[in-house]
1. What residue among G61, G141, G286 shows peak mean-square fluctuation when the chain is described by a Gaussian network model with Cα springs under 10 Å?
2. Taking a probe of 1.4 Å, how large is the accessible area per residue of the chain, in Å²?
3. Around G268, which amide H atoms from residues at least 5 apart in sequence, or from another chain, sit under 5 Å from its own amide H, with H modelled in the peptide plane?
4. Quick one: pull the percent of accessible area on the chain belonging to carbon and sulfur, 1.4 Å probe, ligands and nucleic acids left out.
5. Excluding ligands and nucleic acids, what accessible area in Å² is computed for S300 using a 1.4 Å probe, to the nearest 10?
6. Taking H as built 1.01 Å from N, whose amide H comes closer than 5 Å to the amide H of S24, not counting residues under 5 places away?
7. For the chain, what is the charge dipole size about the Cα centre, in debye to the nearest 20, if Lys and Arg each add +1 at the Cβ and Asp and Glu each add -1 at the Cβ?
8. Out of C76, I57, L32, whose Cα points farthest toward the positive end of the dipole of region 12-88 (charges: +1 Lys, Arg; -1 Asp, Glu; placed on Cβ)?
Amino acid sequence: MMRVAIIGGAGGIGASLAFNLLQSAHAFEVVLVDSRPNMVVSHVMDLQDTLPLGHAIGVRGGDIPDAAGADVVVVCAAVPQRLNTDRSVFFAENVSLVSEIVTGLREHGWDGLLVMMTNPVDALNTWLVRNLGLDPRRVIGYSSNDSLRIRTGVGFALGVPSRAVDAWVLGEHGAGQVPLLDRVRVDGKPVALSAAEREIVLDYIDNWYVRHVALESGRASTWSSGLGGARLVEAIGSGSGEVLTGSVVLDGQYGVDGVSLGVPITVGPGGVREVLEWPLSEAELGAMAACAERVGALASGCPAP
C-alpha cells in the first residue's frame, strides 16, 4: 500500500489526479488536503463510490500532519487561474503558497518525496531546492503535458492517431519548451516532418496554453494533468523503469546545473533514479541553456524566507 497526499486535492487537477489513482491497478490510499473542507468532503463522498471499480485501498480527507506521513506528497495548490499569456506571472504568489506548505510539512516531521504540479513548475522546483534545501532527487515536477501535446500536434499534422505517435518535449514547461522534432516516431518508425508539418506541430504546442487561457473558463488542464500525474505517481510506486518526462534540478546534464527543467527520467520509491541524456542538436542544447537562464533568473528574483 502506498499513501499519496494531494495538497490542493479539492481543485480540478487534484480531484482528477485522485480519481485516476483510485482507478489504477495499484493499491493506493489517497488523502485529500485542501483549504475548502466542504469540497474535500464532497469529493471524498463521491470518490468512495468508485472504489469497487478499482484496486485502491481508500480515500479520505486530511490535513498537513496527515500529508506529512504520506509516501508521496503531490502539490496541486495554486492561486486562482486568470487571464495571462505566461505561467511565470503566478510565480511570486505560488512560491509563497508552496513554501508555506513545505514548511508546514517539515514541522510535522516530513522528509519525503514531493511531486510538484503547481506552476511555473520549473522555477518553483528550482526555488525550493535552492532556498529550502530539499533533496533534488526527491523533488519531481510534472511536465508530461508538453510531450502529450506534441503527440496530439503530430497526429493532426500527419492525420494519424496520436496514440501511435512517440514524440517528446524537454526544457521549460512554458515559453522555453524544446520540442525534439527530429525524434518523432509513428508506430515505432522514425518520421521526418516537412516544413509545413512542423509549422502545424509548433503552432499547436506553442499556442495551446494561450488559446486555452483566453477562453477564461477558470479551469486548468484537468484531465490530462490528472491522468499524466497519476502515471508519474504509479511509476514512482512501482519503480517500473518507464521513461517519463519530469522537471528535476539538474547537475550538469544537458549542460545545466542547479536549475530544474523537463528531461527524460526514470523514477522509483526513492525519487529520481536516472536522468537520461539523449543526444541533442547544437540548436536544442542552446535552447536548453536559454531555458535554464530564464528559469534560474525567475527563481532568483524571489528572496528566500
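The values are calculated or read from the model by the stated rules, or taken from the named source; none is laboratory data. Nothing here was measured: the structure is a model prediction, and the numbers come from that model. Cβ coordinates were reconstructed from backbone atoms using ideal geometry, including for glycine residues, and neighbour counts include every protein chain displayed. To get the accessible areas, we keep the full protein, side chains included, count just its heavy atoms, and leave off ligands, DNA and RNA. Shrake-Rupley method; radii C 1.70, N 1.55, O 1.52, S 1.80 Å.
1. Evaluated over the chain, the most mobile residue of the options is G286.
2. 43 Å²
3. The list, which skips near neighbours in sequence, is R273.
4. 53 percent
5. 80 Å²
6. Those qualifying (amide H under 5 Å, at least 5 residues apart or on another chain) are H55.
7. Dipole of the chain, to the nearest 20 debye: 380 debye.
8. The listed residue farthest towards the positive side: C76.
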